[in-house]
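To start, the structure itself, in C-alpha cells.
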Ligand SMILES: [Zn+2]
C-alpha cells in the first residue's frame, strides 16, 4: 500500500489547516483552512495551495472555523470537483461563515481600492460571495459514527470532537491487499468541562495520529473560577471604572459560551445592570444555528432549557444587526459590555470598537480566545503601547485582561486525556500540528510521559510516508 501525508498548512503554526492524504494515487484533503494574521505572507499562501485542486478526489472537513474551512470556495473555483464530507451542523455553520468571509474580503478589497495609489497593485479577493454556493453544494452530510467510503480503499468515521457545534475528529482506515492502516486526525479538540457542548468522544484506535497542539503548554481554569472571573471583570470595568468592557470573540462558539455564562450570572442575580451588545451579524446568525441544534448540547444544558428556553438571551441584551446602530455604540460613553468579532481582532466590527475604546483608561479589553502571532489581538495582548487600526496609530490606555476558560481548545491535560484511549505501544507516529513552538514542546513532553514515541512537528510542505 502506498500511503502518505503532506502537510500544507497548520504546520509549525496555528492557521491554514490543510493535510493531503494520498492512497495508491488517490488524493483526499483533510480540511481546507485559510491562513490568517501574517499579512502578505498569509495572502501568498492562500493563493497557492501547493497542489493542484483538480487532482484532489475528496475533502473531509473537521469543522467550520475559517482556519479549517475558509479556502473551500477557492478550491472549488480552481477546479476541485469532488465531494466535501462534513457533519450536518458543520454544513449549516459553513453556509453563514463562508458567506461572511467572502463579504469581508469584498469589503476589504473595495477599501484597498479606495486608498491605493496604484489601483493595479491591489490584489483581488481570494473569492467572492458568488463562489460560496458551489462549495456548499459540494458538501455531503455525514453524522457522527456513520462510516463512509471516501475513495476506494479509504473509509472514514467522524467522532464528536467537542470543540464547536458539529466539530469532528476524522478517523480513517486505509485498506489494501489485506494491509490496514488507521489514521486519526483530531481536527480541533474541545474541553472536558461543564459547558454547552458535551465533552469530546474518544476517537478510534490509530496507528498514526495527527494531533492539534494549540494549548499544549497550559492548563485552563475551572468553570466556577471562570464565572467568578467574568463577574469580576464586569464589575471592575462597568461599575468601578464606569467604562466599557470590550470582549472580542469568535462569532461561533466563543460568543455563545460567553453569553451562556452571562445568562447564568443574570439568572443568579450576579450581573450588574448594564447593557450587553452582541455586535456581529455573523454571531447573530451563528447563535440561531446553535439554538436550532440544541440536540447536540450536553444533557445538563438541555435540562436547563426547561427552566430557561433561551440560554443566550437575558434582560439587557441587544443583538445589533445594522451597521448604523453599531457606529452609535462606538460613540457611547456609558458603561456597557460589547461582544464583537473577530476574535483575533483582525477583521469585522471589533476594529471600530477598539479604535474608539483603546485610548481610554476607563475601558477594558477582555481577550477570551487565542490570537495568532501577527494579529492585532496578539499585539494588544502582548502589551503594545501603540497599535495601528485602519492605518492610524492608536494609543493603548485601556486595561487589557485575558481569560483562557473560553478557549474552545483542550488544554495540555485535556489533550493527553483525549489520547489516553490509544495504545501508546502500537501508535507508530504522532505528528503535532496547529500550534506555536512552546505548545509543541509542552505537548510532546506530556505525550512522551504517556509512552508515545516518534513524535514530530512537520514543516510546511513536508511529505511523510505512513
Ligand atoms: Zn477550530
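Rule-based calculations on the coordinates, nothing more; no lab input. Source: prediction; values computed, not measured. Note that we place each Cβ from the backbone using ideal geometry, even for glycine, and neighbour counts take in every protein chain shown.
Points to keep in mind about this one:
Results for (1) over 21 Å from residue 14 (Cβ atoms); (2) surrounded by 24 or more Cβ atoms within 10 Å (Cβ to Cβ), shown as yes or no for each residue.
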residue: 106; (1), (2): yes, no
residue: 127; (1), (2): yes, yes
residue: 133; (1), (2): yes, no
residue: 139; (1), (2): yes, no
residue: 168; (1), (2): no, yes
residue: 199; (1), (2): yes, no
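- Residues in segment 62-81 that are without any contact (Cβ under 8 Å) to a residue 40 or more places away in the chain, within 16 Å of the ligand (Cβ to nearest atom) and in a loop (DSSP other than H, G, I, E, B): 70 alone.
- For segment 212-243, a tally of residues being in a loop (DSSP other than H, G, I, E, B) and under 25 Å from residue 414 (Cα atoms) returns 9.
- Residue selected from segment 151-166 under the condition away from the ligand (no atom under 16 Å from the Cβ) and assigned to a loop (DSSP other than H, G, I, E, B), by the criterion surrounded by the fewest Cβ atoms within 10 Å (Cβ to Cβ): 152
- So residue 107, is it assigned to a helix (DSSP H, G or I), free of Cβ contacts under 8 Å to residues at least 12 places away in the same chain and within 17 Å of residue 126 (Cα to Cα): yes
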